[in-house]
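The values are calculated or read from the model by the stated rules, or taken from the named source; none is laboratory data. As the structure is a prediction and not an experimental result, all values here were calculated from the model. In this analysis, Cβ positions are derived from the backbone assuming ideal geometry, glycine residues included, and neighbour counts consider all displayed protein chains. Heavy atoms of the whole protein, side chains included, go into the accessibility calculation; ligands, DNA and RNA do not. Shrake-Rupley method; radii C 1.70, N 1.55, O 1.52, S 1.80 Å.
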Amino acid sequence: MTTPSAAQFPGDRTAIVTGAGSARGIGRAIAGSLAAQGWSVAVFDVDRAAVEELAAGLEQEHGRPCYGAGLDIRDRDAVFAAVEQVEQRLPQLTGLVNNAGVSSPVPFLEVTDDEWRRVVEVNLHGTFHVTQAAAKVMARHRVGRIVHISSTSAERGGGVYGRAAYSASKAALLGFARTLARELGPFGITANSVAPGSIDTDIMGGRLSEERKAVLLRDLPIGRIGTVQDVAAVVSFLLSEAAGYLTGVTYDVNGGSHIA
Ligand SMILES: NC(=O)c1ccc[n+]([C@@H]2O[C@H](COP(=O)([O-])OP(=O)(O)OC[C@H]3O[C@@H](n4cnc5c(N)ncnc54)[C@H](O)[C@@H]3O)[C@@H](O)[C@H]2O)c1
């Protein structure tokens with residue numbers, strides 16, 4: 001069987017970053033890093049005001065068209081409509097970062113059906129919707145880069161703060177990305193995962209306390225808590241033209257916690 005070859009990596013190109021609304025979050029740092037590297041960025045989040053403001057700011061700072069869409073990634077129709085807007089407003093859709101996610105600190109024996117569904121519907125089903133909408137466009141253009149933001153919790157079975165529902169949903173993303181790598185490779189699309197360890201954001205409802213930091217640091221050979229820039233640097237690389245031979249892999253951005 002002959003497979004179609006990948007098209008050229010476009011000079012004018014767009015990446016979608018989901019979950020870029022939170023002020024100190026990973027998604028915002030990824031969006032900023034990509035914009036600084038010449039991407040037009042489309043940012044999706046339930047916080048419409050935040051992503052509209054972010055898109056306007058990135059557009060002003062970097063001089064490329066950007067777009068903010070207020071939507072819930074669980075809403076399949078809203079996701080497909082937003083991706084259509086991206087196609088109409090911005091340069092060729094080439095990158096997707098599935099970053100939107102919710103955590104769940106509930107111990108397994110106490111997890112309710114509602115709690116399980118809340119987490120899986122955002123982290124897994126939402127990621128499915130955005131990925132399928134974007135991948136259809138990328139497949140048409142025969143070039144693309146997809147990155148899922150998983151978590152150390154998927155690999156270690158929680159242990160930081162995410163418990164069963166979170167770990168299960170984030171582990172599902174690893175298998176999902178590998179399947180995408182296999183199925184979409186012939187379309188010139190790569191698919192990879194990034195598994196961050198403890199990153200100092202507000203995902204657990206505020207800044208990490210000094211006590212919490214001290215506990216986390218015991219497991220970290222690098223000797224500091226991760227930053228959003230640590231994650232953004234790796235994601236930006238995986239979206240670059242230079243990363244075109246990497247697919248189906250997971251990058252652990254965790255300060256060495258696996259070897260501690
Ligand atoms: N912070 C960490 O230590 C850490 C570690 C490993 C993985 N992660 C993952 O990184 C990603 C970003 O985390 P963060 O720490 O920046 O969290 P955050 O809470 O600061 O940001 C998450 C963003 O996702 C958005 N979001 C949530 N549900 C959504 C939905 N249904 N539709 C659209 N947007 C939605 C939120 O509004 C928020 O802006 C998450 O997937 C998280 O699981 C974080």
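Can you compute the FRET efficiency between residue 217 and residue 246 using 1/(1 + (r/R0)^6), with r the Cβ-Cβ distance and R0 = 22 Å? Round to the nearest 0.05. Can you show the working numbers first?
Details: r = 30 Å, r/R0 = 1.37.
According to the calculation, E is roughly 0.15.
Rounded to the nearest whole Å², what accessible area per residue is found for the chain with the 1.4 Å probe? Walk me through the intermediate numbers first.
Values: 11960 Å² over 260 residues.
Per-residue accessible area for the chain comes out at 46 Å².
For the chain, the relative contact order is 20 percent, taking Cα pairs closer than 8 Å that sit 6 or more residues apart in sequence and dividing their mean separation by the residue count.
If you take the beta carbon distance between residue 49 and residue 207 as r and set R0 to 30 Å, what does 1/(1 + (r/R0)^6) give as a FRET efficiency, to the nearest 0.05?
On the way: r = 22 Å, r/R0 = 0.74.
For residue 49 and residue 207, the calculated efficiency is 0.85.
Comparing mean-square fluctuations of 139, 23, 214 from a GNM of the chain with C-alpha springs under 10 Å, the top value falls on 214.
Give me the dipole magnitude in Debye, nearest 20, for segment 194-242 about the Cα centre, with unit charges on the beta carbon: positive for Lys and Arg, negative for Asp and Glu.
On the way: 5 positive and 7 negative charges, 33 e Å.
The calculated dipole for segment 194-242 is roughly 160 debye.
Semi-axis lengths, largest first, of the ellipsoid equivalent to segment 13-253 are 27, 19, 18 Å, with √(5λ) applied to each eigenvalue of the Cα gyration tensor. GNM on the chain, alpha-carbon springs under 10 angstrom: the most fluctuating residue among 183, 59, 211 is 211. Taking every full run of DSSP H in the chain, the ones that stretch at least 24 Å from end to end by Cα along their long axis and average -0.5 or higher on the Kyte-Doolittle scale are 164-184. If you plug the beta carbon distance of residue 24 and residue 89 into 1/(1 + (r/R0)^6) with R0 = 22 Å, you get a FRET efficiency near 0.20.
Neighbours of residue 65, meaning other residues whose beta-carbon lies under 10 angstrom from its beta-carbon, give a summed charge of 0 when Lys and Arg score +1 and Asp and Glu score -1. Positive end of the charge dipole of the chain (Lys, Arg +1 and Asp, Glu -1 on Cβ, about the Cα centre): tell me which of 10, 111, 97 has its Cα farthest that way. Of the candidates, 10 comes out farthest on the positive side.
Structure remark: mean-square fluctuation, Gaussian network model of the chain, C-alpha springs under 10 Å; the largest value among 70, 38, 11 belongs to 11. Counting only protein heavy atoms, what percent of the accessible surface of the chain is carbon or sulfur at a 1.4 Å probe? Roughly 51 percent of what the probe reaches on the chain is carbon or sulfur. If you take all other residues with their beta carbon under 15 Å from the beta carbon of residue 126, and give Lys and Arg +1 and Asp and Glu -1, the sum is -1. Quick one: net charge around residue 241, please, counting Lys, Arg +1 and Asp, Glu -1 for every other residue with C-beta under 11 Å from its C-beta. Every neighbour counted, the sum reads +2.
Among 39, 116, the order of accessible area from largest down is 116, 39, computed with a 1.4 Å probe on protein heavy atoms.
Projecting label points 7 angstrom from Cα along Cα→Cβ for residue 179 and residue 12 puts them 3.6 nm apart. In this simple spin-label approximation, residue 117 and residue 140 carry label points 7 Å from Cα along the Cα→Cβ vector, and these lie 3.4 nm apart.
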